Amino acid sequence: MTGRAQTISLKISEIFFSLQGETSRAGLPTVFIRLTGCPLRCVWCDTEYAFSGGSNMALAEVLAELAQYGTRRVCVTGGEPLAQKSCLPLLTALCDAGYEVSLETSGALDIAGVDARVARIVDLKAPGSGEFDKNRWENLSLLTAADELKFVLKDRADYEWARDVIRERRLDALCPLLFSPVQGDLEAKTLADWILADRLPVRFQVQLHKLLWGNIRGK
């Protein structure tokens with residue numbers, strides 16, 4: 001693996017150590033690998049800086065940097081990490097190295113090639129994102145109980161769309177479901193009240209890292 005790890009290159013926006021702010025792993029110390037690039041332009045995106053720039057790193061360099069943090073949890077995110085072909089060997093290498101790995105993906109690209117040991121956090125883009133037509137619905141049939149399906153919601157129309165698609169497609173039978181409000185557009189309490197009123201089988205979440213540090217890079 002060492003020789004191959006030297007030849008595989010990734011465009012890295014940043015690598016940082018923080019608390020996981022979302023998903024069922026919220027609050028756990030985690031190293032984040034943010035890959036550069038994304039084919040989507042969601043109106044509420046909070047990581048536009050990852051669309052371009054970054055540094056080229058060999059896979060071996062990434063693994064060496066991770067070893068400095070002393071944690072076994074790694075989250076590969078973006079941008080859209082799967083937009084880089086080298087993301088797949090990165091995920092496999094992380095699993096082979098003994099890390100507990102999660103992948104945050106927009107849901108617009110095929111997740112079939114992702115190593116089965118990786119927990120896939122897959123978005124379904126609501127209409128308010130501006131990228132609803134990019135949803136790759138075929139990904140739903142690939143999800144397992146180890147994955148999670150995430151909805152970021154901007155307003156009541158987004159909420160009703162998400163509620164209805166969950167019921168129509170029985171998504172709660174596939175994997176855990178996550179509902180997040182768009183910061184600055186939808187009050188967290190309002191979304192929580194809607195979830196309770198409709199008895200939805202979802203996990204409500206806010207972005208813990210933003211509550212602690214605000215919307216800054218590296219946190």
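Under 20 Å from residue 29 (Cα atoms), crowded, with 19+ Cβ neighbours inside 10 Å and free of Cβ contacts under 8 Å to residues at least 40 places away in the same chain: is that true of residue 63 in this structure? When the stated conditions are applied, residue 63 does not pass them. For residue 13, are the conditions met, namely being touching a His at 6+ places or on another chain (Cβ under 7 Å), in a strand (DSSP E or B) and not aromatic (Phe, Trp, Tyr)? The answer is no for residue 13.
Just checking, how many residues over segment 72-105 are touching a helix residue (DSSP H, G or I) at 6+ places or on another chain (Cβ under 6 Å) and of a type in the set (S, T, N, Q)? Result for segment 72-105: 1. Of the residues making up segment 6-23, just one is in contact with a Lys or Arg (Cβ under 9 Å, 6 or more places away or on another chain) and loosely packed, with under 15 Cβ neighbours inside 10 Å, namely 16. Across segment 156-183, the number of residues qualifying as surrounded by fewer than 17 Cβ atoms within 10 Å (Cβ to Cβ) and either among the aromatic types (Phe, Trp, Tyr) or without any contact (Cβ under 8 Å) to a residue 40 or more places away in the chain (or both) comes to 10. Going by what's in this entry, would residue 186 be described as more than 19 Å from the chain's Cα centre (by Cα), in a loop (DSSP other than H, G, I, E, B) and crowded, with 20+ Cβ neighbours inside 10 Å? Considered against the rule, which asks whether it is more than 19 Å from the chain's Cα centre (by Cα), in a loop (DSSP other than H, G, I, E, B) and crowded, with 20+ Cβ neighbours inside 10 Å, residue 186 comes out as yes.
Go through segment 90-107 and count every residue that is part of a helix (DSSP H, G or I) and either among the acidic types (Asp, Glu) or more than 13 Å from residue 33 (Cβ to Cβ) (or both). Residues that pass the stated criteria total 3.
Determine whether segment 61-81 contains at least one residue that is within 16 Å of the chain's Cα centre (by Cα) and small (Gly, Ala, Ser). Scanning segment 61-81, I find at least one residue that is within 16 Å of the chain's Cα centre (by Cα) and small (Gly, Ala, Ser), so the answer is yes.
For every residue, the table says whether it meets (1) closer than 16 Å to residue 198 by Cα; (2) under 18 Å from the mean Cα position of the chain (by Cα).
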site: 146; (1), (2): no, yes
site: 149; (1), (2): no, yes
site: 161; (1), (2): yes, no
site: 166; (1), (2): yes, no
site: 170; (1), (2): yes, no
site: 175; (1), (2): no, yes
site: 179; (1), (2): yes, yes
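Pairs linking a residue in segment 99-126 that is more than 25 Å from residue 41 (Cβ to Cβ) to a residue that is in a strand (DSSP E or B), with Cβ atoms under 6 Å and 6 or more positions apart or on different chains, are 99/74; 100/73; 101/74; 118/101; 118/103; 119/102.
Kindly check whether there is at least one residue in segment 17-31 that is among the aliphatic types (A, V, I, L, M) and part of a helix (DSSP H, G or I). No, segment 17-31 contains no residue that is among the aliphatic types (A, V, I, L, M) and part of a helix (DSSP H, G or I). Taking the criterion of being under 20 Å from residue 45 (Cβ atoms) and assigned to a loop (DSSP other than H, G, I, E, B), the residues of segment 132-183 that qualify are 135, 136, 154, 155, 182, 183. For segment 38-70, how many residues meet the condition of being assigned to a loop (DSSP other than H, G, I, E, B) and either over 24 Å from residue 108 (Cβ atoms) or of a type in the set (Val, Ile, Thr) (or both)? Qualifying residue count for the region: 6. Taking the stated definitions as given, is residue 192 surrounded by 12 or more Cβ atoms within 10 Å (Cβ to Cβ), touching a strand residue (DSSP E or B) at 6+ places or on another chain (Cβ under 7 Å) and more than 19 Å from residue 123 (Cβ to Cβ)? For residue 192, the condition - surrounded by 12 or more Cβ atoms within 10 Å (Cβ to Cβ), touching a strand residue (DSSP E or B) at 6+ places or on another chain (Cβ under 7 Å) and more than 19 Å from residue 123 (Cβ to Cβ) - is met.
Looking at the structure I just gave you, is residue 189 charged (D, E, K, R), touching a residue at least 12 places away in the same chain (Cβ under 8 Å) and farther than 30 Å from residue 115 by Cα?
Answer is no for this residue.
Counting the residues of segment 117-131 that are part of a strand (DSSP E or B) and over 20 Å from residue 164 (Cβ atoms) gives 3.
Every number here is computed from the coordinates shown, using simple stated rules; none is lab data. In this text, all values refer to a predicted model and were calculated from it rather than measured experimentally. Methodologically, a virtual Cβ is constructed for each residue, glycine included, from the backbone with ideal geometry; neighbour enumeration extends over all protein chains shown.
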